[in-house]
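Enquirer: The structure that follows is given in the form of structure tokens.
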Amino acid sequence: MTELKNVEQEVRRFRLRLLAAAAFVLFAFGLLGARLVYLQVYKHAELSTQAENNRITVVPIVPNRGLILDRNGIVLANNYSAYTLEITPSKVDNLEALIDRLATVVEISPRDRKRFKQLMEDNKSFESLPIRTKLTDEEVARFTAQRFRFSGVDIKARLFRNYPLGEVGSHLIGYIGRINEAEKEKIDDSDDASNYRGTQYIGKLGIEQSYEDELHGTTGFEEMETSASGHPVRLLDSKPARPGNALVMSVDIRLQALVESLFGDRRGALVAIDPRNGEVLAFVSKPNFDPNMFVDGIDADNWKALNESLDKPLLNRALRGTYAPGSTYKPFMAMAALTLGKRTPQQTIFDPGYYNFGNHKFRDDKEGGHGTVDMYKSLVQSCDTYYYMLANDLGVDAIHDFMAPLGLGQLTGIDMQGELRGTLPSTEWKRTAYRKKEAQKWYAGETISLGIGQGYNAFTMLQLAQATATLAAGGERFRPHLVKAIENFDTHAAHRQVGQALPALPWKPEDVAVVRHAMYGVTQEGTSRASFVNAPYQSGGKTGTAQVLEMKANEKYNAKNIDERHRDNALYTAFAPLDAPRIALALVVENAGFGAGAAAPIARRVFDYVLLGLYPSEADIAATRLGQTTAPIGTPRPAASVPLPGLTIDGAAAALLAPAAAPAGSAPVNSAAVVPAAPRVAIGKP
């Protein structure tokens, strides 16, 4: 009986275990079923997309960047193709060990390692990053033979920007550089984010930055079926990239190179404008730099040298350098006097060599004074006393209101980013410029020095050139612009950039004639006469010498006793020909002393080039740098016979229509990087 009970108990326990096991199995199958329903039904779309993405890779095709040419078709910026060795960090376990092994196959310098580390910090994406650029054919072959050893490493062909003329026009053209984190965030937040996929470079300065949308082009793509290891198997779909448009500049690069050579090692700026349409013919800032250094990432030593140099080579002086205009301000003061009825051309003052205002004596630069002075003589002999008195009669606000429409102390709206406004003082300006109450008050004595272009006055050479162009054109105004035309890559059609006409100033022609005649007198019997000896054309000009270091009341200026960087700036404004101006310019040579000696000779060479097609001899250029004013020196040469750096004249047309010469080890440039052999804009000498 006992045995029977034991058997029954064992059977019951077995049945319970069996039921428990069956319940567990059913529960497990239930979980599997639920998971299957969840994955197959609820997550079907998402998982299907992931599976497709694992099978298909979309590879962006970076477009060729558009070309930049001068007004005569000379190439200023183009592209060449070269091989790069790239690592995808997300596919590598031990990055340092991998790079060490790579270095046994392809040379990798400490600078390459440092740059790669910086790229990893700046780029948080999963895209490949270059560890070495511009590989030679031998290096490509060595790596390809051992590629199986390096997972996550590959060779790609990429386009590199090239500036064939080096330093010439560097502030004007600008440069491209790698996209940093801030720029990437800005792109990601824009509507153009997809167009920059795969793009590592962007315009950083000058025209490269300001016309980024035109130059960049449209990114293409390739849909590739890939294997489990990520290697491409076949092409499924593709859309070619559309290269960027070409920019035709209004600048004549030969003129640009000439002016830069005339400056030599001196600091300064020059802007030349066509007063008929606002086209900028030259846009010079010295010293300059080689933009090619920035294309692949500038090294620390060069970056330090550029940033710590006292000459500030990265400063675009034409756009962002502000200077007291000195006596170049006087023609505009004369126009204000005539327009506002404060002076007539015949009205005279007596200049004893100073002007007393209150208890302060404002001295003229000529001891003993100029005697009896009318408006013509005030400009030809640059009489300070005449303009001290005139400034006092006009008052600061009247001066401001007359000068502002000329563009002085205003943003000109030129098609380049980064322009500075400068300072055109007024009582309102001073109230907002200073925090302390006592400093906000305008004192009558502060107005006096404004008349000779000193005091708070601070303008860019761009503003001064625009004002001179307006005066040359009799009050007609145009917004200055650097790009003459944009050439569509697909159609080769050139869309001309027409200068925006601004409302003309209500000047009387007879008043303009008085000032222009006096400026002509400056070149014939005045302060710049030595620079325009035997000139076969007539021009108008005005020299200027502006203090950098404020002198004490009874202290006499002596350049030899002053540090070179505190000496006076030399300025010159001019236009030519006199009756039908085709060019107006403003220039400054920093700390060079008198405008007649250092600045006016440069203007003469510019006019000889633009109006006569003549290029000065080497001796002439050297003499101009030294401030020798006798002109001409030596025999001028036809401008077309003078070679530019890295470009022969006979090969200019070929250079325009053929690939750029690429550095050693680069791959052949693809056809999209070549200027299309199609009719271009009808462009000639300015």
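Enquirer: In region 495-508, which residues are part of a strand (DSSP E or B) and closer than 25 Å to His216 by Cβ?
Expert: His495, Arg496
Enquirer: Do we have any residue at all in region 386-396 that's open to solvent by 50 Å² or more (accessible area, probe 1.4 Å) and over 21 Å from Gly474 (Cα atoms)?
Expert: Yes, that holds for at least one residue.
Enquirer: Next question. Take the conditions of a type in the set (A, V, I, L, M) and within 22 Å of Gly540 (Cα to Cα) and apply them to Leu379. Does it pass?
Expert: Here the answer is yes, as Leu379 does meet what is asked.
Enquirer: May I pose another question? Can you go through Ala469, Ala433 and tell me which one is aliphatic (A, V, I, L, M) and touching a residue at least 60 places away in the same chain (Cβ under 8 Å)?
Expert: Ala469
Enquirer: Looking only at residues that are hydroxyl-bearing (Ser, Thr, Tyr) and open to solvent by less than 20 Å² (accessible area, probe 1.4 Å) in region 405-464, which one is nearest to Asn277 (Cα to Cα)?
Expert: Looking at the filtered set, the residue picked out is Thr412.
Enquirer: Restricting to region 488-512, name every residue that is open to solvent by less than 90 Å² (accessible area, probe 1.4 Å) and under 25 Å from the mean Cα position of the chain (by Cα).
Expert: Of everything in region 488-512, those that are open to solvent by less than 90 Å² (accessible area, probe 1.4 Å) and under 25 Å from the mean Cα position of the chain (by Cα) turn out to be Asn488, Phe489, Ala494, Gln497, Gly499, Ala501, Leu502.
Enquirer: Residues in region 69-84: is at least one part of a helix (DSSP H, G or I), closer than 18 Å to Gly152 by Cβ, open to solvent by 10 Å² or more (accessible area, probe 1.4 Å) and in contact with a strand residue (DSSP E or B) (Cβ under 9 Å, 6 or more places away or on another chain)?
Expert: No, region 69-84 contains no residue that is part of a helix (DSSP H, G or I), closer than 18 Å to Gly152 by Cβ, open to solvent by 10 Å² or more (accessible area, probe 1.4 Å) and in contact with a strand residue (DSSP E or B) (Cβ under 9 Å, 6 or more places away or on another chain).
Enquirer: To continue, here is another question. Is it the case, given these coordinates, that Phe478 is under 29 Å from Asn78 (Cβ atoms) and crowded, with 18+ Cβ neighbours inside 10 Å?
Expert: When the stated conditions are applied, Phe478 does not pass them.
Enquirer: In region 573-614, what residues are open to solvent by 20 Å² or more (accessible area, probe 1.4 Å) and assigned to a strand (DSSP E or B)?
Expert: Within region 573-614, Leu614 is the sole residue that qualifies.
Enquirer: So which residues in region 143-168 are crowded, with 18+ Cβ neighbours inside 10 Å and under 30 Å from Gln256 (Cα atoms)?
Expert: Leu159, Phe160, Arg161, Asn162, Tyr163, Pro164, Leu165, Glu167, Val168
Enquirer: Additional query: Assuming Asp237 fulfils every condition listed in (1) farther than 30 Å from Thr468 by Cα; (2) part of a helix (DSSP H, G or I) apart from one, which condition is it?
Expert: (2)
Enquirer: Mind telling me which of the residues Thr339, Thr328, Thr348 ends up being under 38 Å from the mean Cα position of the chain (by Cα), in contact (Cβ under 8 Å) with a residue 24 or more places away in the chain and open to solvent by 40 Å² or more (accessible area, probe 1.4 Å)?
Expert: Thr339
Enquirer: Would you please name the residue that is nearest to Gly541 (Cα to Cα), looking only at residues in region 351-363 that are open to solvent by less than 40 Å² (accessible area, probe 1.4 Å) and touching a strand residue (DSSP E or B) at 6+ places or on another chain (Cβ under 6 Å)?
Expert: Per the stated criteria, the residue is Asp351.
Enquirer: Moving on. Which residues, counting only those in region 257-311, are part of a loop (DSSP other than H, G, I, E, B), surrounded by fewer than 16 Cβ atoms within 10 Å (Cβ to Cβ) and not polar (S, T, N, Q)?
Expert: Gly264, Asp265, Asp299, Leu310, Asp311
Enquirer: If you don't mind, there's one more thing I want to ask. Need pairs with beta-carbon distance below 6 Å; first residue over 13 Å from Ile87 (Cα atoms) and within region 98-114, second part of a loop (DSSP other than H, G, I, E, B) and open to solvent by less than 80 Å² (accessible area, probe 1.4 Å); sequence gap 6+ or separate chains.
Expert: Listed by first residue and then by second, the contacts come to Val105/Gln146; Arg111/Asp299.
The values are calculated or read from the model by the stated rules, or taken from the named source; none is laboratory data. Bear in mind the structure is a predicted one, so any value in this text is a computation, not a measurement. Ideal geometry is used to build each Cβ from the backbone, glycine not excepted, and the neighbour counts take in all protein chains shown. Accessible surface areas use protein heavy atoms only, side chains included; no ligands, DNA or RNA. Shrake-Rupley method; radii C 1.70, N 1.55, O 1.52, S 1.80 Å.
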